[in-house]
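What follows is a set of notes on a single structure, which appears directly below.
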Amino acid sequence: MEEAARSRWFSPIRLGRTVTAAERTWVPAMVPWRATADGFVTPEVLEWYARFAEGQPGVLVVEATGIRDVASGPLLRIGDDRFIPGLRTLVETVRERSRGRTRLFIQLLDFVAVRRRPEPRRFFGRYLEITDSLRAQIALWLDEPRWREAKDDDVRAYLSAADRVTLETVLTDRELEALDYGYRERIWDMHLPHIRELPHVLPPLFAEAARRAREAGFDGVELHYAHAYTMASFLSRLNVRSDGYGGARENRVRLPLEALATVRARVGDDYVVGIRYLGDEVVAGGSDLEDAIWFGARFAEAGVDYLSVSKGGRFEDAKQPKVGEAVYPYTGASGYECMPTVLSDERGPFGRNVPLAASIRRAIHDAGRSTPVVTSGGITTFEQAESILARGEADCVAAARQTLADPDWFRKIRLGRGDLVRRCEFTNYCEGLDQRHKQVTCKLWDRQLDPSDPALRLATDGKRRLSAPSWSPPDDAPAG
Ligand SMILES: Cc1cc2nc3c(=O)[nH]c(=O)nc-3n(C[C@H](O)[C@H](O)[C@H](O)COP(=O)(O)O)c2cc1C
Ligand code: SF4
């Protein structure tokens, strides 16, 4: 308890002009798939955040929340004012359960279309666009010019019965990808009007979402510029847009900076606006640490209030999904780096992403700024977090899965009961649930499953505890 009291991790930090977090303990965004099908806060969402709030972390970031008013399954949304009342209840719940100790931010997300992997019969029968160039490819492959004039139905029937070599020969890479993985848009698909328009559309969408977050009472917003989503793709070296928003680094950072500026103008200087982005994409040809250092400096110059550094989680190297399922960006090597497990290389999953945050922080400090940097990834003990801060590698230390495994762990440590912390095993049962968009829970919670407990609430499959077992400090521990 004394060690915690004098530690860096449990010491306050200023974020932006007006917010002070009581501690540098941090819970990064985690989607629990508990919203209604049309994006509203549910009692299950409230319970998820209430439980984290009971551990009283310095900062809690609400899950990736969609900034558009479009159907996106049980993902929270903030794309219209009708979402504000539910979000306000969420804020009030966290204030109450953390006894006002936890600062609450919300992560703002945009994404482009990803469809499920189709059944080949449906793909050829319906989804595939039959173009003249496809007809020409078939004509060439079969050496039969009549295919250049073939009817759509004949092309569809031919492809439905074709062997793999034929398909690989006549389909484009993108068509083949749509067949094997499901159709997925790129932010450089300039032939699609809604993609072309992203630079006009996104800044006001982010700004309006931030305005709603402020109205709902959040202490700040976190712009989601990480992982597999729209803004991370703008920052990516793979971004080849030809309209001044792709190619060179200056161009790739343009839209993320424009969105930041529009958000800032909308919510004012006295509101926290942070960014989560990638220290390394970990995909062939993608952005690396050198890019991330440069982007970090630009974001800091532009007045962002903190930078939360993540790693990987891209679609480019994701595994092939089963038919009927969508490609999941945390299945390849980049996904591994995003949520590392104990099934690892010799380095192990622990603190694996810290060097990225450390390099970004150093560069920001060398440029004379002190924008706080948050690190995450495989952090699971007090000693680990404290030594990261002692070495000046980050300003805040975040833990997602460890906090899922034991939402009370910060409080237990603060109260000198670190021996009671339930340690995450880093085998990603929770991530498997996320992948299938099932209510996220931790396998360790079910070790204390007593089906006769009347207070027990189960997930919709009836097999799992929906919340971590409750914990109260033992009688000999001081209240806090
Ligand atoms: C179930 C689950 C959902 C997640 N959802 C998000 C999210 O909405 N936004 C985000 O930036 N990261 C998300 N992440 C990634 C975490 O914030 C974190 O970066 C990652 O799990 C590595 O940290 P850890 O080792 O402490 O878990 C999620 C992770 C998990 C396990
Ligand atoms: S399910 Fe596994 S990896 Fe996820 S929080 Fe629990 S112990 Fe950790």
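The values are calculated or read from the model by the stated rules, or taken from the named source; none is laboratory data. All figures in this text were calculated on a predicted structure; none of them were measured in a lab. Cβ atoms come from the backbone with ideal geometry, glycine included; neighbour counts cover every protein chain shown.
Mind listing whichever residues of segment 408-433 are part of a helix (DSSP H, G or I), surrounded by fewer than 19 Cβ atoms within 10 Å (Cβ to Cβ) and more than 8 Å from ligand 2 (Cβ to nearest atom)?
Of everything in segment 408-433, those that are part of a helix (DSSP H, G or I), surrounded by fewer than 19 Cβ atoms within 10 Å (Cβ to Cβ) and more than 8 Å from ligand 2 (Cβ to nearest atom) turn out to be GLY418, ASP419, LEU420, GLY432.
Using the structure shown, decide if ILE364 is part of a helix (DSSP H, G or I), under 16 Å from TYR306 (Cβ atoms), under 22 Å from the mean Cα position of the chain (by Cα) and more than 11 Å from ligand 1 (Cβ to nearest atom).
Judged against the criteria, ILE364 is not a match.
Determine, yes or no, whether HIS200 is in a helix (DSSP H, G or I) and either away from ligand 2 (no atom under 16 Å from the Cβ) or under 25 Å from SER334 (Cα atoms) (or both).
So HIS200 fits the description; yes.
Could you tell me which residue of segment 1-20 is surrounded by the most Cβ atoms within 10 Å (Cβ to Cβ), considering only residues that are more than 22 Å from the chain's Cα centre (by Cα) and outside any loop (DSSP other than H, G, I, E, B)?
Going through the qualifying residues, I end up with ILE13.
With the structure loaded, tell me whether GLY392 is assigned to a loop (DSSP other than H, G, I, E, B), more than 21 Å from TRP33 (Cβ to Cβ) and either touching a Cys at 6+ places or on another chain (Cβ under 8 Å) or within 12 Å of ligand 1 (Cβ to nearest atom) (or both) or whether it fails that test.
Criteria not met by GLY392.
Across segment 203-229, what is the number of residues that are away from ligand 1 (no atom under 16 Å from the Cβ), part of a helix (DSSP H, G or I) and either of a type in the set (Gly, Ala, Ser) or in contact (Cβ under 8 Å) with a residue 60 or more places away in the chain (or both)?
8
Report every pair of residues separated by at least 6 positions or lying on different chains whose Cβ atoms are under 7 Å apart, first residue within segment 435-453 and over 17 Å from ALA400 (Cβ atoms) and in a loop (DSSP other than H, G, I, E, B), second within 11 Å of ligand 1 (Cβ to nearest atom) and modelled with pLDDT of 90 or more.
HIS437/TRP33; LYS438/TRP33
Starting from residues that are surrounded by fewer than 19 Cβ atoms within 10 Å (Cβ to Cβ) and not in a helix (DSSP H, G or I), keep the ones in segment 34-65 and report whichever is farthest from ligand 2 (Cβ to nearest atom).
That would be ASP38.
LEU415 passes all but one of (1) more than 18 Å from GLU54 (Cα to Cα); (2) away from ligand 1 (no atom under 16 Å from the Cβ); (3) hydrophobic (A, V, I, L, M, F, W, C); which number fails?
Here LEU415 clears every test but (1).
Quick check on segment 64-75. Is at least one of its residues of a type in the set (S, T, N, Q), free of Cβ contacts under 8 Å to residues at least 40 places away in the same chain, farther than 21 Å from VAL263 by Cα and assigned by TED's automatic domain parsing to the domain that holds ALA29?
Yes, that holds for at least one residue.
Listed here are the residues, each with its yes/no results for (1) within 30 Å of GLU119 (Cα to Cα); (2) at pLDDT 95 or above.
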site: VAL323; (1), (2): yes, yes
site: VAL327; (1), (2): yes, no
site: PRO355; (1), (2): no, yes
site: GLY368; (1), (2): no, yes
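Pairs please, first residue from segment 364-389 and in contact (Cβ under 8 Å) with a residue 24 or more places away in the chain and farther than 20 Å from LEU15 by Cβ, second anywhere and of a type in the set (Lys, Arg) and more than 16 Å from ligand 2 (Cβ to nearest atom), Cβ atoms under 7 Å, 6+ apart in sequence or on different chains.
GLY377/LYS311
Going by the conditions given, is GLN435 more than 29 Å from GLY73 (Cα to Cα), out of contact with any Cys (no Cβ under 8 Å at 6 or more places or on another chain) and of a type outside the set (Gly, Ala, Ser)?
The answer is no for GLN435.
Which residue out of ALA265, ALA248 is more than 16 Å from ligand 2 (Cβ to nearest atom) and closer than 27 Å to GLY16 by Cβ?
None of the other options fit; the residue is ALA265.
Give me a count of the residues in segment 320-373 that are of a type in the set (Val, Ile, Thr) and within 16 Å of ligand 2 (Cβ to nearest atom).
Qualifying residue count for the region: 3.
Name the one entry in ARG156, ARG174 that is under 30 Å from HIS227 (Cα atoms) and among the basic types (Lys, Arg).
ARG174
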